[in-house]
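The values are calculated or read from the model by the stated rules, or taken from the named source; none is laboratory data. In this text, all values refer to a predicted model and were calculated from it rather than measured experimentally. Please note: Cβ atoms are built from the backbone with ideal geometry, for glycine as well, and neighbour counts cover all protein chains shown. Just the protein is used for accessible areas: all its heavy atoms, side chains included, with ligands, DNA and RNA removed. Shrake-Rupley method; radii C 1.70, N 1.55, O 1.52, S 1.80 Å.
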Amino acid sequence: MKKSKIIPIKPESKTIPLSGTISRKDSHWVDRRGRPLRDLRISVTDRCNFRCRYCMPKEKFEKDHSFLAHTELLTFEELERVAKIFIKNGVEKIRLTGGEPLLRKGIENLVAKLSSLKTWNGKNLDVAITTNGSALAKKAKALADAGLKRITVSLDSMDPDVFMKLNDVGFPLEKVLEGIKAAEEAGIPSIKINVVVKKSVNDDKLLDIVKYFKGTKVIVRFIEFMDVGATNGWRMDDVIPSKAIVEQINKVYPVEPLDPNYTGEVATRWRFKDDGREIGFISSVSEPFCKECSRMRLSVDGKIYNCLFATTGFDIRQMLRGGATDEEIEEAIGRIWSAREDHYSEIRTSETVKERQKNKIEMSYIGG
Ligand code: SAM
Ligand code: SF4
Ligand code: SF4
């Protein structure tokens, strides 16, 4: 059987450091640039039922593409164990992503386990999911019952044809809109929409998305197309800077800037002048936010990554399944974060893009 040529699912791993300093500030591990670890993204599956051109282009992720076997994925018990170690050391927020996280069987059970955890300062752990929304109509109630408070649904166009072209599997827009409604009806308190903007693909109809959600509690956030992974054919020319989108929106729906909710927030927040409701922009290319990046990533098969653009991770699964104690795992992660220097978006040039394209990790594996 013909196999896909790129194999992003088995990137090289780095050796877990057995010695080295662990830096702390208050309850958080701190990296070499003084950034505390507060935020963990977990990719719960590398599979997806969509083939968005900017993430898992069909010709690269064909039907016979080798996804990870179920035994390679961290189990919910393993994820809970790792989560507790992270939380003990300052993580306040965990986002479940993928691939498509709602495809992971029993995902609501993981949400329930994580939602019952308390952070270092006695607050409920902030658990969120990013989803393509295709299974949300079915899953919203179970997720809400499991304690999910925040959900982000990716939706790049309100034009049914463009939407189908973007997901490249003919998935109808209507079903995703039904999913968002179901999330509202189930009472999930925070619902956000992620819109990846790509030049000449969906940049001419962004106002339709703003208009559709205007006046509702759903917050729309526009994301600059990023050079993640090695398969999406990223070019700087395809990026529409957030500034241009703000200008476009401001002409029709006047907006004004808002202060960040907290240090390290990735989205720049704005609000509509008429009703005060929020709208956001994630400008990783035109206005990098590495200086305050407090986020670690855990891949589907248990490797930790210090940056979305990292080329290698550290294999924690080996420790989890090899009899390491919680203390040993904790020390290893502490050393990895303490040695972290990553700030890729600040040093991105066409040369780094070319160089990294050779061995960058796909977003579906590392968790978007
Ligand atoms: N499947 C889920 C979804 O689409 O929401 C979760 C995983 S997806 C990788 C997470 C987020 O990354 C989505 O909002 C998606 O739009 C965004 N994303 C994927 N590829 C991207 C790229 N090249 N540039 C910017 N955002 C991207
Ligand atoms: Fe799947 Fe999400 Fe990637 Fe689209 S962005 S292919 S929905 S993982
Ligand atoms: Fe964080 Fe890396 Fe993105 Fe910078 S490029 S904000 S370090 S994930």
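For the stretch 76-141, rounded, prolate or oblate, judged on the Cα gyration tensor with a ≥ b ≥ c (square roots of eigenvalues), a/c < 1.5 rounded, else prolate if a/b > b/c? Because a/c hits 1.5 or more and a/b exceeds b/c, the stretch 76-141 counts as prolate.
Close amide H pairs (under 5 Å, H built 1.01 Å from N) link Lys14 with Gly313, Phe314, Asp315, residues at least 5 positions away or on another chain.
Neighbours of Ala182 by Cβ distance under 12 Å: Lys/Arg scored +1, Asp/Glu scored -1, total +2. Placing +1 on the Cβ of every Lys and Arg and -1 on the Cβ of every Asp and Glu, with nothing else charged, gives the chain a dipole about its Cα centre of roughly 260 debye.
Could you sort Leu308, Leu207 by their accessible area in this structure, using a 1.4 Å probe and putting the largest first? Present the calculation step by step, with values, prior to reporting the outcome.
Numbers: Leu308 20, Leu207 50 Å².
Heavy-atom accessible area, descending, gives Leu207, Leu308.
Find the relative contact order for the stretch 68-140 and round it to a whole percent, using C-alpha pairs within less than 8 Å whose residues are 6+ positions apart. Walk me through the numbers on the way to the answer.
Working: 64 pairs, mean separation 26.6, N = 73.
Across the stretch 68-140, relative contact order equals 36 percent.
Both numbers refer to the Cα atoms of the stretch 38-147; Rg and Dmax are 14.8, 47 Å.
So which of Lys88/Lys139; Lys139/Lys192; Lys58/Lys303; Lys58/Lys198 end up more than 21 Å apart by C-alpha? Could the numbers behind the result be given before it?
Working: Lys88/Lys139 30 Å; Lys139/Lys192 17 Å; Lys58/Lys303 25 Å; Lys58/Lys198 17 Å.
From Lys88/Lys139; Lys139/Lys192; Lys58/Lys303; Lys58/Lys198, over 21 Å: Lys88/Lys139; Lys58/Lys303.
Multiply the residue gap between Thr349 and Lys58 by 0.36 nm, knock off their C-alpha separation, and tell me the result in nm, one decimal place.
Details: separation 291, 0.36 × 291 = 104.76 nm, distance 2.70 nm.
Gain in length upon complete extension: 102.1 nm.
Applying a DSSP loop filter and a limit of 11 other Cβ atoms within 10 Å to the GluC sites (Glu not before Pro) in the stretch 7-108 leaves Glu12, Glu59.
The dipole here belongs to the stretch 1-156: it is taken about the Cα centre, uses +1 on the Cβ of Lys and Arg and -1 on the Cβ of Asp and Glu, and is about 260 debye. Global size of the chain: 19.7, 60 Å for Rg and Dmax (C-alpha atoms, Rg to one decimal, Dmax whole). Ranking Ser350, Val176, Asn109 by Cα position along the charge dipole of the chain, where only Lys, Arg, Asp and Glu carry charges on their C-beta atoms, puts Asn109 farthest toward the positive end. Relative contact order of the chain: 25 percent, from C-alpha pairs under 8 Å at least 6 residues apart in sequence. Only DSSP H runs of four or more residues enter the estimate; each adds -39500 (n - 2.57), and after division by the residues of the chain the mean residue ellipticity at 222 nm equals -8500 deg cm²/dmol.
Sequence-ordered 3J(HN,Hα) estimates for the stretch 94-107 from the Karplus curve with 6.51, -1.76 and 1.60 and θ = phi - 60° stand at 10, 10, 8, 8, x, x, 9, x, 6, 7, 6, 4, x, 3 Hz, glycine and proline given as x. Positive end of the dipole of the stretch 37-155 (Cβ unit charges, origin at the Cα centre): among Val82, Ala144, Cys52, the Cα lying farthest that way belongs to Ala144. With a cut-off of 12 Å between beta carbons, the residues surrounding Ile107 carry a summed charge of +3, where Lys and Arg count +1 and Asp and Glu -1. The Cα atoms of the stretch 210-339 cover 59, 32, 26 Å along the three principal axes, with the biggest extent listed first.
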